[in-house]
Each structure stands twice: as C-alpha cells, then as structure tokens.
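See below for the structure under consideration.
The values are calculated or read from the model by the stated rules, or taken from the named source; none is laboratory data. Here the structure is a predicted model, which is why all the values come from computation and not from measurement. Glycine gets a Cβ as well: all are built from the backbone with ideal geometry, and neighbour counts include every protein chain shown. Only protein heavy atoms, including side chains, enter the accessible area calculation; ligands, DNA and RNA are left aside. Shrake-Rupley method; radii C 1.70, N 1.55, O 1.52, S 1.80 Å.
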Amino acid sequence: MREFAEYLKKEKKMADNTVEAYERDVRSFCRFTEKWGLENPEEAANAEVVAYLMHLKQEGKARATVNRKLAAIRTWFQYLVEEGRISRNPALDIKSPKIERKEIEYLSVEEVERLMEVPDHSPKGIRDRAILELLYATGIRASELIALEIDDVNVRMGFVTCDGENMKARIIPIGRPGRKAMEAYLYGIRQDILARHPQERTLFVNYIGKPITRQGLWKILKEYGEKAELSHSLTPQVLRNSFAVHMLQNGADLKSLQELLGHEDISATQIYLSVTKNRIKDVYDKTHPRA
C-alpha cells in the first residue's frame, strides 16, 4: 500500500487527501475479499469486484461513494498491471453507477453582496472578509485555500497562484474587492498575529498563529452564512458554485471557466450550464411577446 500511495502521488499527481481516500477504499475492498476466503486480494476477479459493489449498495452507500470506491479499486488493479503482478485489470469493464445530479446550490449576486457586508472591522472580521472575498473571487476549493502560502498571493498585480488537486499550477485573478480585503489582512492583522511566529508561511492562520484547518474554515463560513440569512447553508462549494454560475451568466466561455476551476475534464464544468439555460428560459418567458 505504501508503494501504491507513492504511485498515486508521483505518477498520478494526486493530492494527499485523494491518496488517503484511495488507500482507505482499497483496504476496505481487501478486507471484503478476505472475508470471502480470498487470501490474496490481488487475485480478485470481476465477480469479486461486482460482489463488493453490490455489498456497498446493500449497505445503503450513495452512488457517488460507490463510484469513488470503484475508481480507487480500478486504479489499484491498474497499478498492479503496470507492476507486472497481474495480467488484467478485473475492474476495467465495470461501469460506474449513474449519479442523479443534485440541483446546484449557489447564491444570488445580491446574497453575495450581503454576505460580504457581515464581517466587522475586528482582527477576526478582517481575516474572515479576506477568506470570503478570496473564495468567491477565485472559486478555489477549501483544500486549495487552506494550502495557500503568502508567496502564492500577488496583491499588487491582483492574482493568486494555486497548485490544485492535480498539482498543475493555475493563476487566477482576484479582483478589486478581493485585493482590498487581502491588503487589509496581509499587511495588517496577520503581521500582528504572527509577531511571535514570523516564519509561518501559510496564508490564513488562527489566533495563535497556526494554519486554519478545514473544520475551522467550515465553522467560519457557517457563522457568516447564518448571519447573512442566505437561501443555502454556506460552504466552500456553494461559494465555488456561485463563482462559476455568475461567471457564465456574465458571458464567460466554458473553456476559460474550466481552467479557472482547475477541472481536468470539461464535463465537470458543463454541469453549470444547466443553471444558465434555466435563466435564459426565464428571460425568454418574461420578454418575448409570444413566449
């Protein structure tokens, strides 16, 4: 498994969180095959993989979870093929369950404006406004925001450099409100917080100068989402969705949006088109004389 993890990091360029998830999923599959009496999980055939997927379904696992576990198993067997330990990938021809797409949750422009007015001028408020502005201005993921270092942000030129999940760096503009919020945080309260820890390079830190955690970020967003009385619970994904939808609504092309979001496959970006199509129909219904 250690060798498999190295393969995922070096060959597949996967992020640490993804590698850990794949390891857990493969270990779970191996435990299942052992219960079936298969001493060596590497000898599993198509039938064992299908049986495991049926087992997950009987346990009530969501289709998205089943798909992720199947992707991990398929990648593991592919690794074994490339290493010459097996001759064929038994999971290669198994189709992933179709996922029923949920309605995309995003904020209106008015809700975003209301949200940005909530943080006050206290040190915490200045930091939190910078977090909110950066998430909405760039559409980056929670994991990407947490991993940012001060050298990744160029306030004067107005852009942030983000490595992303596939370790391919992308440069994303911040915008004027984002730059203003970042200036107030970077050159003000962050320096005060880190007076005793000037060597800390992580961009966003907590009160004791330690990098904020994923749980800490979600807590911050939940707090401001409730205060702003938004139509949806505020999460990093809701702000990422809002960024994407508002870009498309204002004329952004799909290819540019794909690059900004860091999607490997453009099909992941196309899900946002459904929102804009509904908006176009609403406009047509309201404005065309014969609608």
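His263 contributes an accessible area of around 30 Å² to the protein surface, as traced by a 1.4 Å probe with all chains present. Working note: Karplus 6.51/-1.76/1.60 with θ = phi - 60° gives the stretch 50-61 the couplings 4, 4, 5, 5, 5, 4, 5, 5, 5, 7, x, 5 Hz, where Gly and Pro are set to x.
Ignoring ligands, DNA and RNA, what percent of the 1.4 Å accessible area of the stretch 233-277 is carbon and sulfur?
On the way: 970 of 1940 Å².
The value for the stretch 233-277 is 50 percent carbon and sulfur by accessible area.
Note on Asp93: accessible area is roughly 100 Å² with a 1.4 Å probe, heavy atoms of protein only. For the stretch 13-97, applying the loop criterion from DSSP together with a ceiling of 12 other beta carbons within 10 Å to the trypsin sites (Lys or Arg not before Pro) yields Arg85, Arg88, Lys95.
The portion of the accessible surface of the stretch 117-231 made up by carbon and sulfur, rounded to a whole percent, is 53 (1.4 Å probe; DNA, RNA and ligands excluded). For the stretch 133-139, 3J(HN,Hα) computed residue by residue from phi via the Karplus equation (6.51, -1.76, 1.60; θ = phi - 60°) reads 5, 5, 4, 6, 5, 10, x Hz, glycine and proline entered as x. Net length available on complete extension from Gln199 to Arg156 is 13.3 nm, with 0.36 nm assigned per residue and the Cα-Cα distance removed.
Looking at the stretch 195-243, the GluC sites (Glu not before Pro) that sit in a DSSP loop and have at most 11 other Cβ atoms within 10 Å of their own Cβ are Glu229. Counting only protein heavy atoms and a 1.4 Å probe, the chain has 59 square angstrom of accessible area per residue.
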